[in-house]
1. Looking at segment 44-73, I want the residues that are in the same structural domain as Thr249 (by TED's automatic domain parsing) and have a partner that is part of a loop (DSSP other than H, G, I, E, B) and among the polar types (S, T, N, Q) with Cβ atoms under 6 Å, at least 6 apart or on another chain. Which pairs are those?
2. Give segment 435-480 a look and list any residue that's surrounded by 14 or more Cβ atoms within 10 Å (Cβ to Cβ) and of a type in the set (Ser, Thr, Tyr), or say none.
3. Name the residues in segment 108-131 that are in a loop (DSSP other than H, G, I, E, B) and within 18 Å of Phe284 (Cα to Cα), would you?
4. Name the helices (runs of 4 or more DSSP H) wholly within segment 332-407 that hold at least 1 residues that are free of Cβ contacts under 8 Å to residues at least 24 places away in the same chain and surrounded by fewer than 21 Cβ atoms within 10 Å (Cβ to Cβ)?
5. Does Ala122 count as modelled with pLDDT under 95 and more than 22 Å from Phe449 (Cβ to Cβ)?
6. Tell me, which residue of segment 267-287 that is part of a strand (DSSP E or B) and polar (S, T, N, Q) is nearest to Leu51 (Cα to Cα)?
7. Looking at Leu426, Leu434, Leu445, Leu419, which one is in the same structural domain as Glu395 (by TED's automatic domain parsing) and closer than 26 Å to Lys362 by Cα?
8. Which of the following residues is within 18 Å of the chain's Cα centre (by Cα) and either within 30 Å of Tyr343 (Cα to Cα) or not hydrophobic (A, V, I, L, M, F, W, C) (or both): His224, His238?
Amino acid sequence: MKRALIFVFIITTVFACQPKTEPANVIWLLCEDMSPDLGCNGNSIVHTPTLDSLASQGVLYNNVFTTAAVCTPSRTALATGMYQTSINAHHMRYYSEDLKNELPAGILPLNEVMRQNGYQTANIKCSYGTAKTDWSFKSDVAYFDLSKWEEIDPSKPFFAVVNFSLTHRGFARDKQKPVNADQVKVPPYYPNHPIVRNDFAAYYESIQVLDKKVAKALSDIKKHGLDKNTVICFFSDHGRPMTRAKMFTYDSGLKVPVIISAGNAKSKQELFKKGTVDNRLMSFIDISATTLELAGVKVPEWMQGKSFVDDDFKGREAVFSASDRIGGTHLKTRSVRTKKYRYIRNYIHNTSVNEAATNYRKANHPIYHVLNELDKKGTLTKAQKNLVSIMPEEELYDIESDPFETINLATNNEYSLVLKELREQLKQWQNETLDYGMQPNSPELEKSFEDYKSKSEKNNRKKIENLKQRIQKEINDETI
């Protein structure tokens, strides 16, 4: 009897120590500047059959938040599986390689971790994809080995990334299936104005064009025999490219669409059951850790991301984000988001959301000028007026009752305990992760951003004025 029990114990232990599934190839389909605005996310205006089908073949993740609402710091976090603030690589682009910091000792970008574990690495450059990295750190191993689908050997494990820029401004338009701007419903913090609806319609059309390009990518993957034992991950680097979204730590800037399909990777189909919706709260950096686990690679101890296919992962209690220097703007904002609340701390708050826009955005965002013009006419609602008013030092929103984050509860005594708890939670995160954004910048870095601001003001001045005049005319013509 004792011998039988020992045998059962040995067999159980052996199977418990075996990998749950065999390693898979992983492909990231990474787009830019897009919130969860797909058909499968509930947007009835946008036509996205390819991505909707991909979601039906896998898992749709509804609560994933990036660590920054602009591409460079967000992609930096993704590349390392670490908060960009914790590795001193947290600003939106550095205008000289000399200003970038080396990664801390022992920390490697994801592509190198995969490479060291026998994976081919590819950053695909093709008619629909750009070989974008846009990382804020220096590293001798921050490169990919291959750049074309046909260069990948399907008989060997691989990790590939395809970057789609279509949803970035200026928007790619869908001539075959144009979006009717009159059907667009804009968030209540924007004026329900034709100019705003037209801007959203253009953005939605770019998503439709993206959907077609994703179809082409999936076709190419199959054509080159790269779909065997391959997990497909689709997601965006941050939220939509609109005023109060991109750059800012609200859901509209941080919440991203994520779809993962196991395809015909049989060993992963239990992890990504067809037609599943996952509502666990997750951070963008968890995608990096999950990619490693799918590849059968142990997640390094230094990585702050958590694999969400791990049996022990029940979802995060809170996710964190930061916004620092972006072009000529310095926000120095931190945010914590739970399932119910969002808390924002604006360390610099001497301007409004609208005026914090960079010169590039003033030259390309019609909503910026619409808000200013309608403010002059006194026709903005309270939620819209907030965008042209000085930012508060603290913001608190009840997401369940106020999903658009328009009612700031930070000064409401009924929420004082919630405010205190989230304030402490943010402080603890900053201390534990060594938030470099709280430290002074070097004089050289300060000067580089000031120089960029001056050049940007000069280069965009005419375009800003032209857009302003066009919108003034459209608005004034309405009242004649």
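1. Asn62/Asn279; Asn63/Asn279; Thr72/Ser136
2. Matches in segment 435-480: Tyr436, Ser448, Tyr452, Ser456.
3. Step one: filter segment 108-131 for residues in a loop (DSSP other than H, G, I, E, B), giving 108-109, 117-119, 125-129, 131.
Listed by number, the residues that qualify are Leu108, Pro109.
4. Values: elements: 359-364, 366-376, 382-385.
Fully inside segment 332-407 and qualifying: 366-376, 382-385.
5. Numbers: modelled with pLDDT under 95: no; more than 22 Å from Phe449 (Cβ to Cβ): yes.
The answer is no for Ala122.
6. Quick first cut of segment 267-287, residues part of a strand (DSSP E or B) only: 276-278, 282-283.
This time we only want the ones that are polar (S, T, N, Q), so: 276, 283.
On the way: Thr276: 14, Ser283: 21 Å.
My answer is Thr276.
7. Working: Leu426 fails: closer than 26 Å to Lys362 by Cα; Leu434 fails: closer than 26 Å to Lys362 by Cα; Leu419 fails: closer than 26 Å to Lys362 by Cα.
Within the list Leu426, Leu434, Leu445, Leu419, the selection yields Leu445.
8. Details: His224 fails: within 18 Å of the chain's Cα centre (by Cα).
Answer to the check: His238.
The values are calculated or read from the model by the stated rules, or taken from the named source; none is laboratory data. Model, not experiment: these values are computed from the prediction. Glycine gets a Cβ as well: all are built from the backbone with ideal geometry, and neighbour counts include every protein chain shown.
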